[in-house]
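All of the numbers you see were taken from the coordinates with simple rules; none came from a lab. No experiment lies behind these values; they were computed from the predicted model shown. Cβ placement follows ideal geometry from the backbone for every residue including glycine, while neighbour counts extend to all protein chains displayed.
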Amino acid sequence: MIKAIDKQRYILDFTLSSLWRRKGKNLALVLVYTLVVFVLGSVMFFTQALKNEAALVLRGSPEIIVQKMVAGRHDLIPVSHGAQIGKIRGVKAVKARFWGYYYDPGAQANYTLMVPEDLPLKDQEIIVGAGISRVRRLFRGSSIVFRTYDGKPATFFIKGVLSPDSELLSSDLILISVPGFTRVFGVPPDRATDLTVQVANRKEIPTIAAKIVDALPDTRAITREEILRTYDAVFDWRGGIMIAILAGAVLAFLIFAWDKAAGLSAEEKREIGILKAIGWETADVLEMKFWEGLVVSLSSFFLGIILAYGHIFYASATLFEPVLKGWAVLYPEFRLTPFISGYQIAILFFFTVIPYTVATIIPSWRAATIDPDAVMRT
Amino acid sequence: MFFKPGILALFLSSLLISGMVLYASFTGALILRYWDIKSGSETQLRLERKTYLISTILGYVLVFQLFSLFLFIYTADALHPFFTGAMCAVGSLNVNQWGFPLVVLKIITFLLAGLWLIINFADNQGYDYPLIKVKYLLLLVLAPLILAETIMQAKYFLGLRPEVITSCCGSVFSGDTAGVAAEIVSLPRASMEVVFYAAMLGTLALGMAFYRRDRMGYGFSAAILLTFLIAIAAFISFISIYFYELPTHHCPFCILQKEYGYIGYCLYLLLLVGGVAGMGVGVLMPFRQIPSLKETLPSMQRRLALTSIISYLLFTAIATYQIIFSNLKM
């Protein structure tokens with residue numbers, strides 16, 4: 001046993017020094033390999049991090065959202081529907097929500113106006129998100145004028161700015177009072193944007209959602225799970241598409257790797273010839289090639305992962321942010337919560353190391369079965 | 001559904017593995033047809049060189065196969081939120097009829113690939129390629145299974161329609177539904193415990209008999225296979241509940257999750273390694289009389305037997321430790 005380990009150690013030792021003797025060629029390979037791992041790894045870390053953010057955000061969201069539908073479109077819901085829903089067994093609370101979008105020509109951006117549930121605001125007071133504060137230079141005490149639904153101006157005073165920590169969600173958010181909301185949008189007094197339903201027992205959510213739709217046929221009930229699932233699917237799909245597109249790059253890399261492994265220089269051939277002449281067997285040369293592949297693969301793999309990690313979580317995914325995240329004028333500035341899992345690493349391994357290994361098997365075998373006398377004679 | 005990174009990765013690896021196995025079995029067929037150790041012809045020389053390539057390829061196939069088995073289960077587990085009612089891998093595997101057969105097939109191909117490597121290793125011990133025909137025949141058996149696995153995996157993933165209501169592990173692996181899984185669970189716990197420990201002890205005894213006195217090789221090997229199946233049944237029937245600390249939870253997949261410290265990987269790996277090594281002993285039995293293997297084969301078999309006993313013992317030890325020190329007292 002010890003002897004076998006020692007043998008592998010000597011082979012590894014020899015492999016490392018032989019790799020170092022051909023630094024130029026091997027470093028080029030490691031560089032390209034690292035780049036491939038880096039790009040794929042960035043895509044995967046990024047989508048996973050976005051999924052996590054979505055999950056974190058949705059954890060606090062209501063179990064069921066009830067919206068009224070008119071002609072297939074979302075419409076204002078009568079507040080009286082809430083009383084009906086409240087009668088369903090298992091429902092803990094029903095609340096009316098008021099929210100909407102306001103286009104501000106000054107900033108050329110859309111704001112989200114929302115009435116907070118448990119934050120009392122006076123009629124003319126608003127609280128703005130950090131993004132709006134940045135773009136419109138609004139701070140505590142300053143004022144902003146909105147154009148209401150009937151064309152009249154309405155002035156609001158800034159009571160405060162939301163903390164930048166929640167910027168991913170609140171960059172374009174304005175918190176407003178119910179009277180203020182009604183004044184800007186002209187919503188009839190007995191209507192709300194939608195209703196939120198709190199359910200005491202998680203397992204009853206699907207049943208209660210079905211009962212709501214049954215009792216109020218003109219509404220749709222959206223459960224939290226559904227939203228989460230949809231986010232998951234959308235981000236996964238984006239990540240998957242990116243990877244499928246990058247498959248071309250991986251293929252090019254594999255051809256490159258095959259070529260590097262197959263194109264042995266005369267000197268390398270001589271080296272293997274001499275090794276075999278002094279007593280190495282084909283199996284030993286194959287083991288050497290295995291260690292060579294392992295060293296190259298693992299160095300590039302881990303280097304690529306570390307770079308991808310830095311790129312996503314410290315450099316805010318500068319390279320392909322616009323593709324995966326979408327875009328907006330009031331784009332939030334945020335840093336993703338670092339997250340990395342064994343599953344992602346395993347998938348990345350399947351996308352890079354396994355194809356690389358497969359691509360180099362035949363060239364390695366060709367090299368290992370070189371005839372010593374044929375090489376040394378040339 | 002298809003464009004999930006995990007699914008893409010599994011597809012890629014299946015395609016690569018199938019390609020490698022196809023190439024290997026094509027070469028294997030040539031070897032079966034033209035192999036003639038006494039000849040010094042160019043063809044024979046080329047074939048002898050090719051055997052190195054095939055061994056290397058199959059070695060990688062085995063490793064990839066093992067990785068992809070676990071990646072598959074993990075991916076199935078990660079898919080469960082897409083299916084209403086599914087709570088872990090069981091739910092997502094149940095979405096269509098391909099899920100569970102696929103897992104079984106993956107385990108079978110892994111075991112066969114392991115046995116192939118053992119035969120291959122034994123073959124390399126003899127100077128005159130004594131097992132060459134056997135090993136390439138086995139390869140021709142293995143190849144269709146791996147291809148079938150690739151096709152089944154494609155059918156499974158392409159047949160996934162999110163939102164289908166599936167039964168969750170709570171209802172498949174609980175006593176009141178029908179099916180094989182439910183029958184395992186409803187087996188009386190006490191007798192299952194007796195069977196499990198008896199099987200382990202019996203296997204251990206046979207293993208020691210083989211290791212010390214070189215007897216009962218076939219018996220030991222058969223016992224290993226039987227115990228492999230019993231251990232899985234026992235895991236579902238009574239070991240699992242001590243890990244989950246929940247008397248009604250029998251799922252064999254949840255244990256792979258983070259909540260249980262990924263101990264499931266360790267347990268299943270021990271079972272798989274023990275199974276392959278132990279069955280390898282039996283597979284090598286008929287070749288002990290071959291002159292060029294007479295010297296090396298018995299000691300190799302002993303080492304395999306030892307590996308297999310140790311793996312099974314560790315499995316039993318971990319399970320027993322959990323049963324004794326679990327917060328669940330039955």
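Summary of values
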| quantity | calculated |
| --- | --- |
| Ellipticity estimate at 222 nm from DSSP helix runs (n ≥ 4, -39,500 (n - 2.57)) divided over chain A, nearest 500 | -19000 deg cm²/dmol |
| Where labels lie 7 Å past Cα in the beta-carbon direction, separation of A:Ala315 and A:Gln84 in nm | 5.6 |
| Charge-dipole axis of the protein assembly as shown as Lys and Arg at +1 and Asp and Glu at -1 on Cβ define it, positive-most pick from A:Ala317, A:Ala96, A:Thr219 | A:Ala317 |
| All aspartates and glutamates inside 15 Å of A:Lys152 as judged from Cα atoms, apart from same-chain residues fewer than 8 positions distant | A:Asp104 |
| Angle between chain A longest axis and helix A:2-21 axis [Cα atoms, degrees, rounded to 10] | 80 |
| Region A:142-224: Cα Rg divided by the 2.2 N^0.38 Å rule of thumb | 1.52 |
| Antiparallel DSSP beta bridges within chain A, percent to nearest 5 | 80 |
| At most 15 other Cβ within 10 Å, DSSP loop - chymotrypsin sites (Phe, Trp or Tyr not before Pro), region A:117-172 | A:Phe139, A:Tyr149 |
| Only Lys, Arg (+1) and Asp, Glu (-1) charged, at Cβ; the protein assembly as shown dipole about Cα centre in debye | 340 |
| Assigned charges on the beta-carbon of Lys, Arg, Asp, Glu; region A:62-223 dipole about Cα centre (debye) | 80 |
| Inter-centroid distance (Cα atoms) of region A:43-116 relative to region B:241-316, Å | 53 |
| HN-Hα J in Hz across region A:153-162 - Karplus 6.51, -1.76, 1.60, θ = phi - 60°, x for Gly and Pro | x, 9, 9, 10, 9, 7, 8, x, 10, 5 |
| Computed E for B:Tyr127/B:Leu15 - FRET, C-beta separation, R0 45 angstrom, nearest 0.05 | 0.75 |
| Beta bridges by DSSP in region A:62-223, antiparallel share as percent, to the nearest 5 | 80 |
| MRE, 222 nm, helices only [DSSP H, n ≥ 4, -39500 (n - 2.57), over chain B, to nearest 500] | -24500 deg cm²/dmol |
| Helix axis angle, A:205-215 relative to chain A longest principal axis, alpha carbon, degrees | 40 |
| Cut-off 12 Å, label 7 Å out along Cα→Cβ of A:Ser143, residues of region A:156-171 by amide N | A:156-158 |
| C-alpha long axis of helix A:266-277 to longest principal axis of chain A, angle in ° | 60 |
| Histogram of C-alpha separations across chain A, 20 Å bin width, % | 22, 37, 22, 15, 3 |
| Cβ charges +1 (Lys, Arg) and -1 (Asp, Glu), total dipole of region B:173-330, debye | 660 |
| Anchor A:Lys289: lysines whose Cα lies under 17 Å away (excluding residues fewer than 8 positions away in-chain) | A:Lys7, A:Lys23, A:Lys25, A:Lys260, A:Lys269, A:Lys276, B:Lys50 |
| Residue-by-residue Karplus 3J(HN,Hα) for region A:282-293, coefficients 6.51, -1.76, 1.60, Hz, glycine and proline x | 4, 4, 5, 5, 5, 5, 4, 5, 4, 5, 4, x |
| Under DSSP loop assignment and at most 15 Cβ neighbours within 10 Å, longest chymotrypsin sites (Phe, Trp or Tyr not before Pro)-free interval of chain B | B:128-261 |
| Selection from A:Ala55, A:Leu286, A:Gln8 lying farthest towards where the dipole of chain A points positive, charges on Cβ | A:Ala55 |
| Rounded D (µm²/s) - region B:249-310, Kirkwood Rh over Cα pairs, Stokes-Einstein at 10 °C, 1.306 mPa s | 117 |
| Exposed-loop-free span, longest in chain B, where trypsin sites (Lys or Arg not before Pro) count as exposed if DSSP calls them loop and at most 15 other C-beta atoms lie within 10 Å | B:39-214 |
| Mean separation of Cα contacts under 8 Å, 6 or more apart, over the residue count of chain B: relative contact order % | 18 |
| Distance-filtered residues of region A:273-309 - backbone nitrogen under 18 Å, label point 7 angstrom along A:Met376 Cα→Cβ | A:273-285 |
| Note, ³J(HN,Hα) from phi for region A:362-375, Karplus 6.51, -1.76, 1.60, rounded to Hz, x at Gly and Pro | 5, x, 4, 5, 4, 5, 6, 9, 4, 7, x, 5, 4, 6 |
| Shape parameters for region A:62-223, alpha-carbon atoms, Rg then Dmax in Å | 17.3, 49 |
| Residue exposure sequence - A:Ile176, A:Ile312, B:Ile107 - by fewest surrounding Cβ within 10 Å | B:Ile107, A:Ile312, A:Ile176 |
| Approximate spin-label separation A:Val234-A:Asp118, in nm, with each point projected 7 Å along Cα-to-Cβ | 2.8 |
| Rough spin-label spacing in nm, given labels placed 7 Å along Cα→Cβ, for A:Lys25 and A:Lys92 | 6.7 |
| At least 18 Å along the helix axis (C-alpha) and Kyte average at least 1.0, DSSP helices within chain B | B:5-34, B:99-125, B:132-158, B:217-234, B:263-284, B:297-325 |
| Reach of B:Lys106 by Cα under 24 Å, taken over lysines that are not fewer than 8 positions away in the same chain | B:Lys4, B:Lys135, B:Lys155, B:Lys258 |
| Volume of the Cα convex hull of chain B, divided per residue and given in Å³ | 127 |
| R0 of 22 Å, Cβ-Cβ distance A:Asp13-A:Glu281: FRET efficiency to nearest 0.05 | 0.75 |
| Percentage, to the nearest whole number, of Cα pairs in the protein assembly as shown over 45 Å apart | 38 |
